[in-house]
1. How would you classify the stretch 281-359 from its alpha-carbon gyration tensor, with a ≥ b ≥ c the square roots of the eigenvalues: rounded for a/c under 1.5, else prolate if a/b is greater than b/c, otherwise oblate?
2. Taking R0 as 35 Å, what FRET efficiency do you get between residue 276 and residue 159 from their Cβ-Cβ distance, rounded to the nearest 0.05?
3. In whole angstrom, how long is each semi-axis of the equivalent ellipsoid of the stretch 600-736, when you take the square root of 5 times every eigenvalue of its Cα gyration tensor and sort them from largest down?
4. Pairs on different chains or at least eight residues apart, Cα atoms closer than 26 Å: how many lysine pairs in the chain fit?
5. Can you tell me what share of the DSSP beta bridges in the chain is antiparallel? A percent to the nearest 5 is fine.
6. Tell me the mean residue ellipticity at 222 nm calculated for the chain from its helices only (DSSP H runs of n ≥ 4, each -39500 (n - 2.57), averaged over every residue, nearest 500).
7. Just check the stretch 499-608 against the gyration tensor rule for me: Cα atoms, a ≥ b ≥ c as the square roots of the eigenvalues, rounded for a/c under 1.5, and otherwise prolate or oblate depending on whether a/b exceeds b/c.
8. Can you give the net charge of the other residues whose Cβ lies under 12 Å from the Cβ of residue 367, counting K and R as +1 and D and E as -1?
Amino acid sequence: MIAWPVLVNEEIRGQLVDRVVARSGRLQLLRGPAGVGKTTLAAAVGTQLEAAGFGILPIVGVQELSAIPLAALTPLLALAGDDADEPVAERLRRLFSYVASAGTRQVLMIDDGPMLDDITASTVYQLVRVYGVRAVMTARTEHDITGPLARMLNEGLVETVELAGLRVEDARTIVQHALGGAVEPDSLKRLTDAAGGNPLFLRELVLAAMEKDAVTPGPLGLVVNMGDMPAGLRDGIVERFGNLDPEDRRLCELIALAAPLEQGALGGRDTIIRLERTALVHRDATGSVSLAHPLFAECLIESMSSAVSNERRIEAAAVVRKRGGDQARFKANFILMRTTEPPTAHELLWAAGYAHSIDDHALAVIFADLSITMERTSAALLIRAIALSSRGRLDEADAAFAEARDAATAPDDLARFASRYGYHAWIRRQRPREALAIGVEILAQLPDSPARDVLAVDVEKWRFLAGETANAGTAPDALNGDDAVAAVSAVIRELMAAVVASELVRIKSAIDRGRPLLDGAREAIPHAGRVLDFTEFLAIALDGRFDDAVDFAEERRRDPFVESAGGWGYGLAIIALTGGRVVEALDLATLAVEQLRWRDFTGMFSTTVAIQANAAIQLQLEPLADQLLESISDAVEVDTQAFLMCAEARAWRFAIHGDADAAAAVVRDAVRHGIDRRYHAIACMTAYVAVRLRRAAAVIDLMHEIGELSEGGMVAAMIAHAEAAVAGDAGALMIAADALAVAGIPTGAVDAARHAAGLFRAAGSDDEARRALLHAAAWAQGLSGVRPAGPGDETFDLTEREWTVALAAAGRDRSREIADRLGVSIRTVDNHLRNVYRKLGVTGRDELRAQLADVVRAR
């Protein structure tokens, strides 16, 4: 048996410990469903409190002992020298005396509080209310809090924490630690969906899969085939529903099949409320009803006989259909698949397309397969191939596309095949030239039609990506036509060209045209909305608003299972790399690569690997960088973004080994290549590597060329730095440094300010040099990776914590305030300040404030 990892939410634990320490005479209540981790969290809180000098007084509620007076207090009474033959009153008197003599640094740790017998519950009330004892108590959501414990609630002596389910990132950590390796995203999603955030259920599902040898290696990580629900887990759930009367069970079965449902669709309001109180069903904030846990639904559905299942499914589908709309239509088709009244081939084909449009590609394959068994059509074969491609089952997808092409005899079917296969070849297989060849071949065979218009736009897109034209151009007939799919495809093609060229006005115009058309193109181009969102993010970054861009991306990447998760990781990684947070960039890119192997909707995989390599070089992890660069050597030939990023990695390698001139030569050649293919924004970022290496003269002409063709604050800030560096203008370098810092590129601000300091020092302006160096040192906090240095560069050797203390003190914060904020002692703060005074050559706070006045204002 493996040692199952235990993961505690450190934020909640810290908050609970702080509350317990801060307030005596209070009970901290942890509520949540069975298995959610209440007892584990409470134990972790107890361990930390014990380390801080508190005495832990354990009390455990057990249902079987709830009718026996003082049963739960037995361990505590033993501490007080209990004599079981004495009257209850005398035993309690001795306990109260023991607690009073032990002082207030005692904490009652009560597990399953509602299971306490009445006398024990009254004792807890007295200890908290009268003696001021601190307490932490767990309680299941389904257990009512009554009697003396309820009195504490009513008297305001209880602070409640409702424990949410396990976060996906925590579940990933636990499962991968337990299995000893990365788990493929689809398996991880199935596990987390089934567990519903419950750590106990997650443990049972994983251990059951391991016992059945159902964990196998796969191309994207370990594959976990869950199979049947573990017997122990199933039996426990069945027992919870076993005592329901027939009508209540029928209602639960309907909810299991059709949830979420509005309460009005079910009737029986009193029944729903009663079932909710027993924690069998759950109503969300909108009033929609579902069973309290996903495994409850699975278990109920499995336990129905064939006849009951058929009857209940038909009934549930009718209830769902009454809601109206595509989502209800899809749900009803899904429910009816296993009945005596299955959907028609047409409905199954529609459902396959809808499933693909909402990124449920596994269901899309199932619906398409069922449709094909009824009627073998080109459309059904094509949607099956698309869904297999989206799932990463590429060899199967290749074969399925071949079948779809053989069946595509009508011109529109051929056009749709070429568009979808081209996407597969470009994104999944990383072969844009193959996509182009197929598109050109089939386009030549087609008469005019909306489907041909879509393919024509796609062909121009692939021509652009394959580097066969310097400008993707526009297609007014597609952009202005009535067909939403053709128009959206043209918008996407235009955005691709506008983003890499950093044409912000054009980007905004295309996004504004595209968004109203998305619904009409959702089935054919399900990723279109994500492309527009991602392009908007890039436009914000190109405008020199990196912080806003990060907020935009973080808001949209919270769910790690959305198709675009890897794309957002790529975007955040390139911002972190450009900003000088190289360790963070490597971490972000590594996760993004894992996600992009699973789902890549815009062909960013190779570029993201190149970001990994770039970061690895800057962190002097050369063997890792070499391995990464080798893995994408073929893709670099046709992927201009990856080509430029790899060139940056090669340039940094030369710089690290002391040859900045060779680095600048590599950069110049790459930038020229990028400009020729209209990748202006990325080319400017590559050129900026030479600027940071004090070789701005090698690329200034190319940067001016980019500036004439591009828009946005990022390009402008980088060019301003290059111009000031070439001119040797210290004042202009400081202005550029401020602009770079505001844009979210602190690493450039540091380089510009240090360059300026050297120029100021050479001109005899020591005060200005010192001011520049202080700014540089402040901007450098939190950065990592290579720090290029020029002749005579100076630095202040302050640690990040010393800078934090120095800036706070310069901002007139007192030592106590700084200590409270940092969670350290006043003495530690004063020690940091003494180091700061010595390193900066000042004698106290007044001089420190004067030295850092400009820095504090800038921040």
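1. On the way: a/c = 1.82, a/b = 1.17, b/c = 1.55.
Judged from the Cα gyration tensor, the stretch 281-359 comes out oblate (a/c at least 1.5, b/c at or above a/b).
2. That gives a FRET efficiency of 0.90.
3. Values: eigenvalues 127, 65, 28 Å².
The equivalent ellipsoid of the stretch 600-736 has semi-axes of 25, 18, 12 Å.
4. Within the chain, the lysine pair count is 5.
5. Beta bridges within the chain, antiparallel portion: roughly 30 percent.
6. Mean residue ellipticity at 222 nm (helix-derived): -20000 deg cm²/dmol.
7. Oblate, since a/c reaches 1.5 and b/c is not below a/b.
8. Working: positive: 384; negative: 347, 360, 369.
It works out to a net charge of -2.
The values are calculated or read from the model by the stated rules, or taken from the named source; none is laboratory data. What you are looking at is a predicted structure, and each value in this text was computed from that prediction instead of being measured. Note: ideal-geometry Cβ built from the backbone for every residue, glycine included; neighbour counts use all protein chains shown. Accessible surface is based on the protein model in full, side chains and every heavy atom, while ligands, DNA and RNA are left aside. Shrake-Rupley method; radii C 1.70, N 1.55, O 1.52, S 1.80 Å.
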